[in-house]
Ligand code: ADP
Ligand code: 5GP
């Protein structure tokens, strides 16, 4: 087993199915930890503070930034989002894999700071399917849907920053592909160096 967990950057346009895929993945791998972001956007109905996000004012968000408590942060469609660093470091050092579900500006920051991370971009089967999903979710008003669709094309252009691209057409197949990527990443020789060296020392 790897001693340090995998840091996984998981991105894709709004409505592509990231939350749905992560729920599916967590059912299969309950030991994975999902980072809870801070955000200045308002909660959607059913969302809980401390479970879905840490909902906060801009002043509170700025305070965390001033105290250097965020691994990354970005402004997306008029709201701020950021990843609190402390839980991430703790989980990784305890051997848990940690998923950051973040947009592409934040993804670029993590890729730069932590080049050993695993980065996965989720693509829709088509832009029309993405629009359908965003509308059928029914959580945003028309203006927000338009903002998010406009952002989507620019985000998709950033797919090549990411190590992997997975199309979420069939949900089960996409979830299986993500699980396969994570399994293969764990077997990278460089991630298993300590264990290999220990085996050699004891030989
Ligand atoms: P995101 O987290 O990327 O914004 P969600 O997980 O909220 O997206 O999914 C947006 C909508 O698309 C939801 O209504 C969800 O049920 C639906 N959805 C997710 N994956 C699929 C899929 N493979 N096929 C059809 N609909 C999907
Ligand atoms: P939503 O408002 O739909 O929950 O999220 C909007 C976008 O913000 C999504 O692309 C989501 O991945 C991204 N996001 C959520 N949390 C963070 C975060 O901590 N940092 C960054 N950079 N993006 C985030």
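No lab work stands behind these numbers, since they all come straight from the coordinates. The structure displayed is predicted, hence computed values, not measured ones. Neighbour counts run over all protein chains shown; Cβ positions are idealised from the backbone, glycine included.
Could you work out the relative contact order of the chain, using alpha carbon pairs under 8 angstrom and six or more residues apart, expressed as a whole percent? It would help to have the intermediate numbers written out before the result.
Details: 283 pairs, mean separation 63.5, N = 203.
Taking the mean separation of contacting Cα pairs over the length of the chain, I get 31 percent.
Please state the shape class of the stretch 50-203: rounded when a/c is under 1.5, otherwise prolate if a/b exceeds b/c and oblate if not, all from the C-alpha gyration tensor. Before the final figure, lay out the partial values.
Details: a/c = 2.45, a/b = 1.38, b/c = 1.78.
Verdict is oblate for the stretch 50-203.
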FRET efficiency, 1/(1 + (r/R0)^6) with R0 35 Å, evaluated for residue 66 and residue 4 via beta carbons: 0.75
Inter-site label distance for residue 141 and residue 44 at 7 Å from Cα along Cβ, in nm: 1.6 nm
Distance from the stretch 63-139 to the stretch 1-26 (C-alpha centre basis), Å: 9 Å
Inter-probe distance in nm under a simple model that places probes 7 Å from Cα toward Cβ, at residue 150 and residue 195: 4.9 nm
Inter-label distance, nm, simple model (7 Å from Cα along the C-beta direction), residue 94/residue 75: 3.6 nm
Acute angle (nearest 10 degrees) that the helix 142-156 long axis makes with the longest principal axis of the chain, alpha-carbon atoms: 40 degrees
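Using just the helices of the chain, give the 222 nm mean residue ellipticity in deg cm²/dmol: DSSP H runs with n ≥ 4 each add -39,500 (n - 2.57), and the total is spread over all residues, rounded to 500. Walk me through the numbers on the way to the answer.
On the way: 8 runs with 90 residues, N = 203.
Mean residue ellipticity, 222 nm, calculated: -13500 deg cm²/dmol.
If each residue of separation counts as 0.36 nm, what is the full-extension length gain between residue 167 and residue 128 once their alpha-carbon separation is subtracted?
Numbers: separation 39, 0.36 × 39 = 14.04 nm, distance 1.40 nm.
Answer, rounded to one decimal: 12.6 nm.
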Nearest 10 degrees, 0 to 90: helix 18-28 Cα axis against the chain principal axis: 40 degrees
